[in-house]
């Protein structure tokens, strides 16, 4: 796991995250970044590459609910230094794959079809049943030399059929067609094992805190 988190990679990932969601692009906030999300349960988010003075000062100053602070470190590095009003969110993992993924040729499971769309440098692949029922979906956003994978999900009734692996392979083909082999994403605990099986590594822990209402 990298000790030296690249602020440049964090900025590119966050730009991709914002483009994928049709949100305003991130702006610099001291040594970190801010995105205005505008959601009832996520008004804005601040992201820092390290738990530094800027991060802790911000945590002390915020009393408003549903503003998220996110940082590339473990919660143990924070818990005794932030006010008790902050609540820990499920552990996230920044993951990188700076080479082609370890995916052998895979074919789409029988009974499914693919659809494509794109917007804001974002390419979307949807896997549907023959009846048009959503089964799996994912996005890749191309920002300079980085491919950012986002919102990869498979519906519960369609898991264990290799759909997510097929989806990642198809998304990677889009990045490779543009000459991009540096891949980045943020995974949940559940998703981490899949990505590791495809050759991804944990780049950094990704810890989120928020003040609930």
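Computed from the coordinates by the stated procedures, all read-outs in this text should not be read as laboratory data. Computed from a prediction, not measured in an experiment: that's the story for all the values here. All Cβ positions, even for glycine, are placed from backbone atoms using ideal geometry, and neighbour counts span all protein chains on display.
Computed over the chain, the per-residue total of -39500 (n - 2.57) for DSSP H runs of n ≥ 4 gives a 222 nm mean residue ellipticity of -7000 deg cm²/dmol, rounded to 500. When you count the other C-beta atoms within 10 angstrom of each residue and take the mean per peptide, 127-133, 184-190 line up highest first as 184-190, 127-133.
For the chain, the normalised intensity computed at q = 0.14, 0.16 Å⁻¹ comes to -0.87, -1.09 (log10 of I(q)/I(0), Debye sum over alpha carbons, equal scatterers, no solvent). With the cut-off at under 11 Å, measuring from each backbone N in region 82-105 to a point 7 Å along the Cα-to-Cβ line of residue 63 picks out no residue.
Applying Stokes-Einstein at 20 °C and 1.002 mPa s to the Kirkwood radius of region 97-203, computed over alpha-carbon pairs, gives a translational diffusion coefficient of 153 µm² s⁻¹.
For region 97-203, the relative contact order comes to 30 percent (Cα pairs under 8 Å, sequence separation of at least 6).
In plain terms, the residue of 12, 79, 192 with the fewest other Cβ atoms within 10 Å comes first and the most crowded comes last, giving 79, 192, 12. Using the Cα coordinates of region 1-101, the gyration tensor eigenvalues translate into equivalent-ellipsoid semi-axes of 22, 18, 13 Å, sorted from longest to shortest.
Considering only 168, 95, 114, the Gaussian network model of the chain with Cα springs below 10 Å gives its largest mean-square fluctuation to 114.
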